[in-house]
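These notes are about the structure you will find just below.
The values are calculated or read from the model by the stated rules, or taken from the named source; none is laboratory data. Just so it is clear, the structure is predicted and the values come from calculations on it, not from any experiment. Glycine also receives a Cβ, built like all others from the backbone with ideal geometry; neighbour counts cover every protein chain displayed.
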Amino acid sequence: MKVASGHRLTRAGVAVVLMAATLSPVACRDGTSERGGRARRSEVGRGENADAVAPRHLEARWLVAPEVSGDPPLAAPLALAVDEYNGRLYLLETQPPELRVYDLENGAYLGALGRAGDGPGEYRRPIGVAVETGGGLAAVLSMSGRVTFWRADGGLAGTVRVGFGLATDIVAARADSFYVKSDVFPPADVAEFRVVAVDTALERPRFRDLGVPGTEEPGRPYKNHSYAVAATPAGDLLLAPPGPEYTILRVGADGDVIQQIGRPEVASLSRSEEEIEAIRERVRHAFAAMGRAAPLDTPVPKYRSHVARLAAAPDASTWALTQRGDSGAAIIDWFDADGVYSGSVVVDLRVSELAVSSTDIYLLARSTFDLPGVAVAGRPGR
């Protein structure tokens, strides 16, 4: 069945504005609940595969081909989500801003949802998309904190607005609820995570950091507090903060860190002084573009985050797009439902986003000719 297309736009270019935040010099590595108390921690042991010599290669095929002659062609897709139950792939395009829908099996284009604007079913600077656990409801997040909900039949389900600051990520929680991450700038300079549904947005954050520094993320047009974000089918929040250690935090329903997943054998990813200065220069330019002066001697984290993006599969396994790959390949680590490292794969593509179903991994990637598309590869052992 075709998705309703009453919200289509003509394809005028719409630029995504570069946003930048000041960067806090203090890292909170063990996580803190929004009540400010010390979080509970549980270290996860390494699995028997933890010391694998090298990741195995994974063959991928294009599901949505990176072609300028595509119908419609991809210009600047930013995020993707999978509705396995209804057989839908959602791809957030930003030029023009719309949520494109494809058949999950053959990549056939089914239609587009939304358009540029500030009214019902419209987006202003969309930044993320997620699909509820079990499918049936897709949510598009705009930088302003506005969340637009769509039903699987293409109908508009509702709109809510979330908190303060710059909204930067959305992931499915459970039932019909989602987590929204917002960056609150100085003087607070924190990242906040709230729960939203079709008709409600919790005023109080489920989790609030106390000074994790901002940094860059691959494929993202802004700088933010560098948490890669996902959520388990049970509704636990998964966060990967920056720092020298490979760390993924599991945050429970009460806002406390209940588990720390990691790979202590992986070396830290330090930045050179040249890289740090280059980041400061980009921050200065971004502030100048907004007519503001950047803070003097902007603090920049010494270490890159190990994890660029996170995804949780229906079987509660966790998948981490790492920053260990080179410019032409991506390395993905995965952990079982208990947080034990299960292995790594390498895909010979430049990947900026991933989503994982029961059987496959979906990758927002770029071709040899630097054109965007969506690739798919079978999960290891499936």
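Output the number of residues of the range 219-238 satisfying the condition of being modelled with pLDDT of 90 or more and part of a loop (DSSP other than H, G, I, E, B). Going through the range 219-238 one residue at a time, the tally reaches 5. Evaluate the following for Thr94: is it within 18 Å of Ala157 (Cβ to Cβ), β-branched (Val, Ile, Thr) and within 21 Å of the chain's Cα centre (by Cα)? Taking the combined requirement at face value, the residue does not satisfy it. Restricting to the range 338-368, give me the number of residues that are surrounded by fewer than 19 Cβ atoms within 10 Å (Cβ to Cβ) and free of Cβ contacts under 8 Å to residues at least 40 places away in the same chain. So the answer is 2. Is there a residue being within 23 Å of Asp118 (Cβ to Cβ), surrounded by fewer than 18 Cβ atoms within 10 Å (Cβ to Cβ) and either modelled with pLDDT under 90 or in contact with a strand residue (DSSP E or B) (Cβ under 7 Å, 6 or more places away or on another chain) (or both) anywhere in the range 204-218? No, because not a single residue in the range 204-218 is within 23 Å of Asp118 (Cβ to Cβ), surrounded by fewer than 18 Cβ atoms within 10 Å (Cβ to Cβ) and either modelled with pLDDT under 90 or in contact with a strand residue (DSSP E or B) (Cβ under 7 Å, 6 or more places away or on another chain) (or both).
Quick check on my filter: what residues within the range 288-333 are under 15 Å from Pro264 (Cα atoms), free of Cβ contacts under 8 Å to residues at least 60 places away in the same chain and not polar (S, T, N, Q)? The answer is Arg324, and nothing else. The requirement of being among the aromatic types (Phe, Trp, Tyr) and more than 20 Å from Gly243 (Cα to Cα) is fulfilled nowhere in the range 336-355; no residue meets it. Surrounded by 14 or more Cβ atoms within 10 Å (Cβ to Cβ), farther than 24 Å from Val129 by Cβ and not charged (D, E, K, R) - does that describe any residue in the range 303-319? Scanning the range 303-319, I find at least one residue that is surrounded by 14 or more Cβ atoms within 10 Å (Cβ to Cβ), farther than 24 Å from Val129 by Cβ and not charged (D, E, K, R), so the answer is yes.
Looking across the range 164-200 at every residue that is among the small types (Gly, Ala, Ser) and under 19 Å from Trp150 (Cβ atoms), the one that is surrounded by the fewest Cβ atoms within 10 Å (Cβ to Cβ) is identified as Ala175. Of Ala139, Ala157, all but one fail to be more than 23 Å from Pro72 (Cα to Cα) and assigned to a strand (DSSP E or B); the exception is Ala157.
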